[in-house]
Amino acid sequence: MHYSVLLSESIEGLNIKSDGIYVDCTLGYGGHSEEILKRLNKSGHLYAFEQDSEAIKYSSHRLAEYAKDNLTIIHDNFVNLKTRLDELGIDGIDGIIFDLGFSSPQIDDPNRGFSFMKDAKLDMRMNKENKLSAYDVVNSYKESELTNIFYKYAEEKYSRIIARNIVKNRPIESTLELVDVIVKSVPTKYAMTRHPERVIFQAIRIEVNNELNALESVLPDAIDMLNQGARISVITFHSLEDRIVKQTFKLNSEISPLVKGLPEIPEEYKPKLKLINKKPILPTEKECMENSRSKSAKLRIVERV
């Protein structure tokens, strides 16, 4: 099934208390959640967010023994972290984990339309109840909108011509139809060595699931909900995600420049966080050999002060 990336490093980084309140913002297929639950007594509790109903079904079965006392699964995007936990009367958290990678079953299931290697109807929705799909993005967005998405989320130098050719070849129904258009839009050598379809699919997936905007929105809420001494572990898989996490953690771990140098710093301007690791923690060589999808992973951990 799914290989949980940086499993021991991210869980150990949380400094779990047996009676604490924890949140897994990306339940997926339950690997990180299970390790948290193993460390809780009957007073501890885990709230797990997940958009994908298939992942929830699998994890509910996998984690059934914890469900009565220790586990609440919330079928929602983690962007609604504060709202949903407020509804449950939770105003303080002892640890939060984000694993921003996609689960192997989601990528490998051709019916989900995530993979550029298997033919399927364009979809890419994490939550199948959402209206916007990859088909809608590819077939209804303006050329300028597609160009912007490919520049912003894929950093692809041939974004404009790829967008132009997508518009010319509409309707595009399937993943491999889209791959064909992308590959034919760039020089042959570039297509064979750089595989632009990989990053273009990533960009469309980010747009469909509003991934980066959700991450930017939720991190300040997550920080504000932490109890003193509580930690956040975030596992990212591409540079745009990591940049958001790094910048947010850096901003919240420094004294505001507005009051720097004052003899007494007002409380609201003091750092909220302490960086546990200044440089990201990377997977070991052994883990990368076991799971090639771990190679791009980076783990950052912070603590509320």
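Computed from the coordinates by the stated procedures, all read-outs in this text should not be read as laboratory data. Please read all numbers here as calculations on a predicted model, not as lab measurements. Cβ coordinates were reconstructed from backbone atoms using ideal geometry, including for glycine residues, and neighbour counts include every protein chain displayed.
Odds and ends about this structure:
- In summary, the stretch 17-89 shows an alpha-carbon radius of gyration equal to 1.00 times the 2.2 N^0.38 Å reference for compact globular proteins.
- Pairwise label distance in nanometres, Glu285 with Tyr3, each label 7 Å out on the Cα-Cβ vector: 1.6
- A Förster radius of 25 Å, combined with the Cβ-Cβ distance separating Ser296 from Lys250, puts the computed FRET efficiency at roughly 0.75.
- Karplus 3J(HN,Hα) series, Hz, for the stretch 3-8 with 6.51 cos²θ - 1.76 cosθ + 1.60 (x for Gly, Pro): 9, 7, 6, 6, 4, 5
- The ellipsoid that matches the Cα gyration tensor of the stretch 1-125 has semi-axes, each √(5λ) in whole angstrom, of 27, 15, 13, with the longest given first.
- Rg and Dmax of the stretch 151-210, Cα atoms only, in Å: 10.8, 32
- Among 135-146, 47-58, the order from most to least packed when residues are scored by Cβ within 10 Å on average: 47-58, 135-146
- Taking 0.36 nm per residue of sequence separation and removing the Cα-Cα distance, the Lys121/Tyr151 pair yields an extension gain of 8.4 nm.
- Value of [θ]222 nm, deg cm²/dmol, for the chain, DSSP H segments ≥ 4, -39500 (n - 2.57) each, nearest 500: -12000 deg cm²/dmol
- Semi-axis lengths, Å, the stretch 40-196, gyration tensor of Cα atoms, sqrt of 5 times eigenvalues: 39, 17, 14
- Label-point separation in nm, Asp224 to Val259, each point 7 Å along Cα→Cβ: 1.7
- Taking amide hydrogens as placed 1.01 Å from N in the peptide plane, the amide H of Phe49 sits under 5 Å from those of Asp24, Cys25, Thr26, Leu27, Ile74, each at least 5 positions away in sequence or on another chain.
- Computed from the Cβ-Cβ distance with R0 of 22 Å, the FRET efficiency linking Thr83 to Glu268 stands at 0.40.
- For the stretch 225-305, the fraction of C-alpha pairs farther apart than 23 angstrom is 34 percent.
- Cα-Cα P(r), the stretch 166-264, percent of pairs per 5 Å interval: 2, 9, 15, 15, 12, 12, 9, 8, 7, 5, 3, 2, 1
- Cβ-Cβ FRET estimate between Ser18 and Asn139, R0 fixed at 51 Å, reported to 0.05: 0.50
- Whole-percent pair-distance distribution, where bins are 20 Å wide, for the alpha carbons of the chain: 31, 54, 15, 0
- Label-point gap, in nm, between Lys38 and Glu65 - each point 7 angstrom along Cα→Cβ: 1.1
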